[in-house]
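Here's the structure we're looking at; comments come further down.
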Amino acid sequence: MRIDGLYLNGCATAYPATRVPLSLAVEQGLLHDADESLGDPQVPVHDEDRPAADLAVDALELTLKETGADPRQIDLLLHCGWWHQGWDIWSAAHYVAHRTDALGALPVNLSQGCNAPMAALELATRSMLADPGIRTAAVTASDAMLAPRVDRWNLNYGCVHGDAGTALLVQRGPAAGNSFRILSVASTAAPELEEMNRSGLPPTTGPALRGDGTVDLKAAKKAYLTQYGIQGFTSRSGASLTACVGRALEDAGLTGAEERIRTVTVPRLSRKIFDQVYRPLLGPFFGEDKLRWQGGESAHLGVADVGANIADTHARGELDPGDVTVVVNAGGGYTWSCLVLEAA
């Protein structure tokens, strides 16, 4: 989808105070299958007596401060979370709006896996293009993968999970500082792959009620691949990823070879996944020198990967006005997305 006249402003990341080096987790025997391709990230761990949604509150407060935006002019607030946000049968989106004084916003929760912020950006931009009365939309995200229900070190293949919150504003003009013109966004999905996160497992009446009470994504994925093999997944995911990237570039009026495209960011997974999946699929579009692997910095931040990648791209100072950064992301379900931004 081509987007005209909308800007992504003030993207900020909020991390918990505690950082645990992955090497320390290995020394302490927390990581069962040590993988050198994970690097040695300083894994952010939310160990405070606060709900996970407070990480999104912190991030939105940073964003509002940086942009000088009035929270009372936020008309739409889309909050993304994958795991428990703090309370049962309760709305984290309304909590974030309440805590940041965005009391005129329509709060909406999105559970779209790690790709939720991309879905939120698509919904926000479509809403604003259709309704000129929406002045500002906020997209927030937060997750904390906390024990005993989740073992962040061994939950999934190809990553360990860190905790963070992010927030950004979609507005009709640029803000001072961290500001990007949104050129396009595109997504593709393969709904039949939802089985990968439940294969071989019966449904339960609530979260984390199986076995020892710890969520285990590896067991479901192993069962899925044992039954179907890996070729179908890799073929479908590769085609979906390249399709959404190609469409986003076309909608932005780009080919991928332009000099002004400076950086391309991807999910913060292992170096092995970067080298075996993203490098061969994205290199032909952009050239490998523009691809950024950031999994070794913070580990995988789940729903916060997208915002952290955008915020870090700005913080590194690699872009001049008019330069372009491309944000590629994916999430269980499965859905793949590509966002094209131009530095304002």
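The values are calculated or read from the model by the stated rules, or taken from the named source; none is laboratory data. Model, not experiment: these values are computed from the prediction. Heads up, the Cβs are rebuilt from the backbone with ideal geometry, glycines too, and the neighbour counts pull from every protein chain shown. To get the accessible areas, we keep the full protein, side chains included, count just its heavy atoms, and leave off ligands, DNA and RNA. Shrake-Rupley method; radii C 1.70, N 1.55, O 1.52, S 1.80 Å.
What's the total number of residues in region 52-75 that are open to solvent by less than 70 Å² (accessible area, probe 1.4 Å) and in contact with a Lys or Arg (Cβ under 7 Å, 6 or more places away or on another chain)? If you could, list the steps in order and put the result at the bottom.
If we filter region 52-75 for residues that are open to solvent by less than 70 Å² (accessible area, probe 1.4 Å), which is where we start, we get 52-60, 63-64, 67-71, 74-75.
After this cut, where a residue has to be in contact with a Lys or Arg (Cβ under 7 Å, 6 or more places away or on another chain) as well, the list is 57, 75.
Matching residues across region 52-75 total 2.
Quick check on region 31-51: of everything there that is buried (at least 22 other Cβ atoms within 10 Å of the Cβ) and of a type outside the set (Val, Ile, Thr), which residue is nearest to residue 148 (Cα to Cα)?
46
For the condition in a loop (DSSP other than H, G, I, E, B) and under 23 Å from residue 342 (Cβ atoms), what is the one hit in 269, 254, 282?
None of the others qualify; the one that does is 254.
Here's the yes/no breakdown for (1) in contact with a Gly (Cβ under 8 Å, 6 or more places away or on another chain); (2) within 12 Å of residue 76 (Cα to Cα):
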position	(1), (2)
99	no, no
105	no, yes
111	yes, no
114	yes, no
127	no, yes
134	no, yes
138	no, yes
143	yes, no
146	no, no
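Are any residues in region 103-129 open to solvent by less than 70 Å² (accessible area, probe 1.4 Å) and of a type in the set (D, E, K, R), and if so, which ones?
Across region 103-129, the qualifying residue is only 122.
When you go through 249, 291 one by one, which is the residue that is touching a residue at least 24 places away in the same chain (Cβ under 8 Å) and either within 25 Å of residue 158 (Cα to Cα) or surrounded by fewer than 24 Cβ atoms within 10 Å (Cβ to Cβ) (or both)? Steps first, answer last, please.
On the way: 249 fails: either within 25 Å of residue 158 (Cα to Cα) or surrounded by fewer than 24 Cβ atoms within 10 Å (Cβ to Cβ) (or both).
Exactly one of 249, 291 is touching a residue at least 24 places away in the same chain (Cβ under 8 Å) and either within 25 Å of residue 158 (Cα to Cα) or surrounded by fewer than 24 Cβ atoms within 10 Å (Cβ to Cβ) (or both), namely 291.
Go through the residues of region 131-151 one by one and say whether even a single one is of a type in the set (A, V, I, L, M, F, W, C), at pLDDT below 95 and out of contact with any strand residue (DSSP E or B) (no Cβ under 9 Å at 6 or more places or on another chain).
yes
Is it the case that residue 200 is modelled with pLDDT of 95 or more, over 21 Å from the mean Cα position of the chain (by Cα) and at positive phi? If you could, list the steps in order and put the result at the bottom.
Details: modelled with pLDDT of 95 or more: no; over 21 Å from the mean Cα position of the chain (by Cα): yes; at positive phi: yes.
Spelling it out, it is not the case that residue 200 is modelled with pLDDT of 95 or more, over 21 Å from the mean Cα position of the chain (by Cα) and at positive phi.
So which residues in region 155-205 are without any contact (Cβ under 8 Å) to a residue 40 or more places away in the chain, part of a loop (DSSP other than H, G, I, E, B), open to solvent by 20 Å² or more (accessible area, probe 1.4 Å) and not aliphatic (A, V, I, L, M), if there are any at all?
198, 200, 202, 203, 204, 205
Scan (1) touching an Asp or Glu at 6+ places or on another chain (Cβ under 6 Å); (2) under 30 Å from residue 23 (Cα atoms); (3) not acidic (Asp, Glu) for the single condition residue 330 breaks and write down its number.
Checking residue 330 against (1) touching an Asp or Glu at 6+ places or on another chain (Cβ under 6 Å); (2) under 30 Å from residue 23 (Cα atoms); (3) not acidic (Asp, Glu), the one that fails is (1).
Would you check which residues across region 209-246 are crowded, with 17+ Cβ neighbours inside 10 Å and β-branched (Val, Ile, Thr) and list them?
215, 242, 245
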